[in-house]
Amino acid sequence: MKLCTFTHAGRTRTGIVAGAAVVDTGVPGTMIDLIRRFDDLRPGLEAKAATASGIPLAEVRLEAPVQRPGKIFAIGLNYADHIAETGLPTPQRQVWFTKAQTSVNAPFDPILIARGTDTTDYEAELVAVIGSGGKHIAADDAPAAVFGYSIGNDVTERTWQRAVPQWALGKSFDTHAPMGPWIVTADELGDPHDLPIRCFVNGEARQNSRTRNLVHDVWQQIAHLSAAMTLEPGDCLFTGTPAGVGAARNPPLYLKAGDVLRTEIGGIGHIEATMAEEN
């Protein structure tokens, strides 16, 4: 099942994507509320998707599936080819940082280049959306903790990232966590560890890999994070980016206003945004 958050006729609600249409779930609240109740709601949602008429996707505005996740965590240096292009050693432990809630952006909305910056970079990522969650989740039990998967781009302001050892500020500029276009439930997507992942700028392929190249797979990531904190429904984990980022090119090739940034993951779809200068 593909689940989205959409706005139509001035109302924002959750929907089921069925072909080229979206069916209103009728469930009150946000995607997080739906995720919390999903096991009970699922039979009714499946019936509605099969029988109800929908609104054409072309007539709705798709929002980030989870508009205000309780937590957004992203792992750094988690594809071997990306580690190699940075010239950094492979970390001995998983390297995590946060992205602010206010960095969340709709899948097709403009991404802003902040005032006074010119080193905005792209990082295509698979996003795992937590379902049941929990604390001290073993890697073998981690698949059951995932609700589904989405596409994200860990847009980064490199000058700010490199200015201090902690990366959170450089990763948290407004609009720098585009996600979507929907969540594909874990049972529909299947194993998330062999999906093609690609990033394009103005139609030029910049990143092209597969999720099997993750250093720490999704299950290991969940086990590691949940040793420290309780993972809750709707939390979003950016699982790492492959080689090809702009900062690693010679000379570096950063995003500029007017560039079209497209991120694709097989089995999910794509998100796409035009870069724009912040007012």
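The values are calculated or read from the model by the stated rules, or taken from the named source; none is laboratory data. Bear in mind the structure is a predicted one, so any value in this text is a computation, not a measurement. Every residue, glycine among them, receives a Cβ derived from its backbone with ideal geometry; neighbour counts consider all protein chains shown. Just the protein is used for accessible areas: all its heavy atoms, side chains included, with ligands, DNA and RNA removed. Shrake-Rupley method; radii C 1.70, N 1.55, O 1.52, S 1.80 Å.
Here the 3J(HN,Hα) profile of region 274-279, calculated from phi with Karplus coefficients 6.51, -1.76 and 1.60 at θ = phi - 60°, is 9, 6, 9, 6, 5, 5 Hz, Gly and Pro shown as x. Identify which of P56, P178, P233 has the largest mean-square fluctuation in a Gaussian network model of the chain, with springs joining Cα atoms closer than 10 Å. With Cα springs under 10 Å in the chain, the top fluctuation among P56, P178, P233 is at P56. Helix content alone sets the calculated 222 nm mean residue ellipticity of the chain: runs of n ≥ 4 DSSP H residues at -39500 (n - 2.57) each, divided across all residues, give -5000 deg cm²/dmol.
Largest GNM mean-square fluctuation among L255, L88, L126, using the chain with Cα springs under 10 Å: L88. When both bridge partners sit in the chain, DSSP labels roughly 90% of those beta bridges antiparallel.
Arrange the peptides 139-152, 236-249 so that the one whose residues have, on average, the most other Cβ atoms within 10 Å appears first.
Ranked from most to least packed, the peptides come out as 236-249, 139-152.
Here K256 is the anchor, and the lysines within straight C-alpha reach of less than 28 Å, apart from those fewer than 8 places off in the same chain, are K99, K171.
Just checking the listed ones, M179, M229, M31: in the Gaussian network model of the chain with Cα springs under 10 Å, the one fluctuating most is M229. Surface composition of the chain: carbon plus sulfur atoms hold 51% of the accessible area, using a 1.4 angstrom probe and ignoring ligands, DNA and RNA. For the chain, the relative contact order works out to 25 percent when only alpha carbon pairs closer than 8 Å and six or more residues apart are counted.
Accessible surface computed residue by residue for the chain, with neighbouring protein chains in place and a 1.4 Å probe, gives 42 Å² per residue.
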